[in-house]
1. For the stretch 82-93, which residues satisfy the criterion of being assigned to a loop (DSSP other than H, G, I, E, B) and crowded, with 16+ Cβ neighbours inside 10 Å?
2. Report the residue count in the stretch 52-65 for those that are under 20 Å from R87 (Cα atoms) and loosely packed, with under 13 Cβ neighbours inside 10 Å.
3. Restricting to the stretch 54-67, give me the number of residues that are free of Cβ contacts under 8 Å to residues at least 24 places away in the same chain and outside any loop (DSSP other than H, G, I, E, B).
4. Name the pairs whose Cβ atoms lie under 9 Å apart, with the first residue in the stretch 33-45 and part of a helix (DSSP H, G or I) and buried (at least 18 other Cβ atoms within 10 Å of the Cβ), the second modelled with pLDDT of 90 or more and among the β-branched types (V, I, T), and 6 or more positions between them or separate chains?
5. Hey, can you tell me all the residues within the stretch 51-103 that are under 17 Å from F41 (Cα atoms), among the polar types (S, T, N, Q) and at pLDDT 90 or above?
6. Given the condition surrounded by fewer than 18 Cβ atoms within 10 Å (Cβ to Cβ) and in a loop (DSSP other than H, G, I, E, B), answer yes or no: does some residue in the stretch 74-81 qualify?
Amino acid sequence: MTERNMFRRAIALAGMLGLCGCALSVGALLDAGSTALVARFDTDRDGGLDPAEVAAMVAAAVPGKGAEHDALRAGLAAGYWTRDCNRDGRLSVAELSTGDPCA
């Protein structure tokens, strides 16, 4: 995927989220999105995402090969892991729903 196409997809996604956000509170939107992410990528059905499941999630979000794609995936995964507030190595719906990373 070219950089231009990635940019267009990001703008389209932001637009869709913005449209949804006008009907839902930010908290409700985060909860719904987090629940959907866990439902989609929680392959062992333990209610949270482990490192392999987070890797699959970011690979689906940033498809492609090469150093730029690898860096995007690493950055996205690192951002998700800032929400592992109890440091148990898995991300729960509640942790993904928080608006701020853990201190």
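The values are calculated or read from the model by the stated rules, or taken from the named source; none is laboratory data. A quick note: this is a predicted structure, and the numbers were derived from the prediction, not measured. We place every Cβ from the backbone using ideal geometry, glycine too, and count neighbours over all the protein chains shown.
1. Listed by number, the residues that qualify are R83, D84, R90.
2. 1
3. 8
4. Listed by first residue and then by second, the contacts come to S34/V93; L37/V93; V38/V93; F41/V54.
5. Correct list: S92 only.
6. Looking through the stretch 74-81, none of the residues is surrounded by fewer than 18 Cβ atoms within 10 Å (Cβ to Cβ) and in a loop (DSSP other than H, G, I, E, B).
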